[in-house]
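Quick notes on the structure that follows.
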Amino acid sequence: VPDEIVASGTVASAATAPVAARVMGTVTSVLVREGDAVKAGQVLLTLDERELAERRSAARAAVEEAAHAREEVARGVAAAQAQADVMRKTYERFAMLRDNKSVSPQEFDEVEAKQRAAQEGLAAAQARQQQVASMAERAQAESRAMETVAGYARVTAPFSGVVVRRMIEPGAMAAPGVPLLVVEAASQYRLEVTVDASEAASLKRG
């Protein structure tokens with residue numbers, strides 16, 4: 001005699017994903033309704049991206065400014081290097097003249113002071129070049145990050161499936177992490193059944 005248990009159940013998707021925005025913003029459009037089939041990567045809703053676009057433009061401007069600063073400081077380093085080379089050669093000639101007692105101590109001291117000043121100027125220019133290079137790297141990193149963040153204004157489907165819940169309307173404010181839609185995968189379903197504890201003890205696979 002077959003041993004059967006009668007129980008009610010619910011057909012549910014094996015994969016369910018609440019869809020949320022990654023940035024705060026005003027919802028400008030919701031492109032799907034409950035029951036709509038969607039594909040992975042399909043745009044489900046959009047946020048007001050004017051602020052994000054402004055931040056992206058500011059980041060791009062910072063990259064351009066950093067590039068100009070690098071060019072300018074590179075010219076400064078080249079000029080300081082040339083000045084340091086000239087003063088080094090001049091110092092070497094005056095050192096030979098001093099050894100031959102062909103130049104006064106005061107003249108040699110003046111040349112030596114200028115040579116030290118040229119070396120210090122070169123070191124300062126090189127330090128400034130390193131500082132500007134670090135600023136340029138930070139600006140480029142910020143620009144790349146803003147390019148990514150700007151894309152967050154378009155909320156997309158995580159996988160192909162069906163929209164089963166819609167909890168947002170145009171004009172509402174979306175907050176990071178707060179579910180706006182729920183998408184279920186349409187490729188795999190399972191039956192979720194609840195049975196009494198006394199009956200569950202006698203159940204086995206198959």
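Tabulated values for the structure
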read-out: Residues satisfying the stated conditions in segment 48-63, i.e. open to solvent by less than 70 Å² (accessible area, probe 1.4 Å) and either modelled with pLDDT of 90 or more or of a type in the set (Asp, Glu) (or both); value: 48
read-out: Within segment 104-201, strands (runs of 3 or more DSSP E) holding 1 or more residues that are surrounded by 15 or more Cβ atoms within 10 Å (Cβ to Cβ); value: 154-156, 161-166, 179-185
read-out: Hits in segment 180-206 - residues which are in contact (Cβ under 8 Å) with a residue 60 or more places away in the chain, more than 14 Å from residue 9 (Cβ to Cβ) and of a type outside the set (Gly, Ala, Ser); value: 180, 181, 182, 183, 184, 188
read-out: Residue among 12, 66 that alone is open to solvent by less than 50 Å² (accessible area, probe 1.4 Å), at negative phi and outside any strand (DSSP E or B); value: 66
read-out: Search result, residues across segment 27-38 that are under 32 Å from the mean Cα position of the chain (by Cα) and either of a type in the set (A, V, I, L, M, F, W, C) or exposed (fewer than 14 other Cβ atoms within 10 Å of the Cβ) (or both); value: 27, 29, 30, 31, 32, 33, 37, 38
read-out: Hits in segment 15-25 (condition: of a type in the set (Val, Ile, Thr), in a strand (DSSP E or B) and under 23 Å from residue 149 (Cβ atoms)); value: 19
read-out: Those residues of segment 26-62 which are small (Gly, Ala, Ser) and assigned to a loop (DSSP other than H, G, I, E, B), in sequence order; value: 35, 40, 41
read-out: Pairs, first within 22 Å of residue 32 (Cβ to Cβ) and free of Cβ contacts under 8 Å to residues at least 40 places away in the same chain in segment 7-21, second surrounded by 15 or more Cβ atoms within 10 Å (Cβ to Cβ) and among the polar types (S, T, N, Q), C-beta under 9 Å, six or more apart; value: none
read-out: Verdict on residue 23 being over 30 Å from residue 142 (Cβ atoms) and either of a type in the set (A, V, I, L, M, F, W, C) or out of contact with any Lys or Arg (no Cβ under 8 Å at 6 or more places or on another chain) (or both); value: no
read-out: Top-ranked residue in segment 46-96 [being of a type in the set (S, T, N, Q) and touching a residue at least 24 places away in the same chain (Cβ under 8 Å); ranked as nearest to residue 113 (Cα to Cα)]; value: 90
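The values are calculated or read from the model by the stated rules, or taken from the named source; none is laboratory data. What you see is a predicted model; the values in this text were computed from it and never measured. Positions of Cβ are generated from backbone atoms using ideal geometry, with glycine treated the same way; all protein chains shown enter the neighbour counts. Surface accessibility is based on the protein's heavy atoms, side chains included, excluding ligands, DNA and RNA. Shrake-Rupley method; radii C 1.70, N 1.55, O 1.52, S 1.80 Å.
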